[in-house]
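Reviewing the structure listed below.
The values are calculated or read from the model by the stated rules, or taken from the named source; none is laboratory data. Model, not experiment: these values are computed from the prediction. We place every Cβ from the backbone using ideal geometry, glycine too, and count neighbours over all the protein chains shown.
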Amino acid sequence: MINVEEIKKEKLRTGYTTGTSATAAAKAALLSIINQTRIENVDVKLPKGRFIKIPIHFCQFDQNRSRCSVIKDGGDDPDVTHGAEIVVEVSFTDKINEIEIDGGEGVGIVTKPGLGLELNKAAINPVPKKMINENLREITNKHILKKGIKIIISVPKGKELGPKTDNPRIGILNGISILGTSGIVIPFSTASYAASIRQNLDVAIAMGNDTVILTTGERSEDLAKKIVDLPEHCFVQMGDFSGYTIQQCARKEIKKAYVVGFIGKLAKMAAGVKQTHVKGSKVDMNFLAELARKCNANERIMESIKTANTARHVSEIIIENNVKGFFEEICNETYEHMRKHSEEKVSLDVILFDFDGNILARKF
């Protein structure tokens, strides 16, 4: 598993998820109807039992209906939904004790299997639904409401935010998802990024694919798409979490994985680093110098590598000095470590691109 502590987060402010935002808005909306007063903030009970105070941005109500909103706050980890307004409309129904939850404008619709969500329904994950239920039940039990409650969650800017997330890739269209497992956002989104990797793999499997393309980012993904002809949902941006991703591939019985990237990330993977965040690990220049030695580089070249600024700088030194086989060694070492991380269960094809989009080396 990814160790959240690997990422330095001291003095960083945590935020709250879209699920927590929706729960807070729903709780405020129900309380505003019951108390016939504008709610300024609410205490939301999180999945593990602790509470978090959330400010209410907007609150409008009458005797039987209310509309409240929360501005989603990602803390010191501002993702694309940071600052988005999460709106909840609450109304009463005749279905006593029932709480219905649905999505409105800007909440994506599920169009592919493997997400644990109902097809053609709103992309509201189980944990936020449970949070809304639990928080509202506390109110209904206290006030003995002999009515049902209908909740509609909407995100006014959701349609424009959706394409900036992984949603289109995994088949969630026309908006964002209402997400959250813990209710809070850990800076750098370690947990949420890990969850998105698992989710992406689950969709690929549910769609009948057992081959995935693991890339280090958008640019390497775009290049990979030119040489690997597989559906969109098979492409997984593992970012910095190469070790975790290949472990998940093995656990989920993926048969084959392409591992695609540039010299910076692959140099770290080749050295056996599982978590390649730029602040979390540096490129080991001594390791790269030793690889160059294996390729018959002389002492002068090795010294140049040891004092190089970046992995890209190393690649320039290698090309300038015509060191044969170096990039192949990077791929070989990456291959060996990723195979080991997968417990030898996943067949690999490692591809190293240069910055012009050409294949420098490949190992399969």
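In the range 121-134, what residues are touching a Leu at 6+ places or on another chain (Cβ under 9 Å) and either part of a helix (DSSP H, G or I) or surrounded by fewer than 16 Cβ atoms within 10 Å (Cβ to Cβ) (or both)?
Pro126, Val127, Pro128, Met131
Report, by residue number, each residue of the range 66-86 that is within 23 Å of Lys121 (Cα to Cα) and touching a Gly at 6+ places or on another chain (Cβ under 8 Å). The answer is Lys72, Thr81, Ala84. Looking across the range 59-77, the residues that are over 13 Å from Val90 (Cβ atoms) and in contact with a strand residue (DSSP E or B) (Cβ under 7 Å, 6 or more places away or on another chain) come down to Val70, Ile71, Lys72, Asp73, Gly74, Gly75, Asp77. For the range 57-74, the criterion of being more than 18 Å from Ala25 (Cα to Cα) and assigned to a strand (DSSP E or B) is satisfied by no residue at all. Pairs are defined by a Cβ separation below 7 Å, a sequence spacing of at least 6 or placement on different chains, a first member in the range 331-354 that is over 16 Å from Tyr258 (Cβ atoms), and a second member that is assigned to a helix (DSSP H, G or I) and of a type in the set (Gly, Ala, Ser); the pairs so defined are Glu333/Ala270; Glu343/Ala250. The condition (being in the same structural domain as Thr215 (by TED's automatic domain parsing), charged (D, E, K, R), surrounded by fewer than 20 Cβ atoms within 10 Å (Cβ to Cβ) and assigned to a helix (DSSP H, G or I)) is satisfied by just one residue among Glu316, Glu253, Glu333, Glu343: Glu316. Of the listed requirements (1) among the polar types (S, T, N, Q); (2) buried (at least 22 other Cβ atoms within 10 Å of the Cβ); (3) assigned by TED's automatic domain parsing to the domain that holds Arg67, Asn200 misses just one: (3).
Here Asp240, Asp229 are screened, and the one residue that is surrounded by 15 or more Cβ atoms within 10 Å (Cβ to Cβ), in the same structural domain as Asn332 (by TED's automatic domain parsing) and part of a loop (DSSP other than H, G, I, E, B) is Asp240. Looking at the range 114-158 only, could you name the residues that are farther than 18 Å from Thr93 by Cα and of a type in the set (A, V, I, L, M, F, W, C)? The answer is Leu115, Leu117, Leu119, Ala122, Ala123, Ile124, Val127, Met131, Val155. Summed over the range 316-337, residues that are of a type in the set (S, T, N, Q) and more than 30 Å from the chain's Cα centre (by Cα) total 2.
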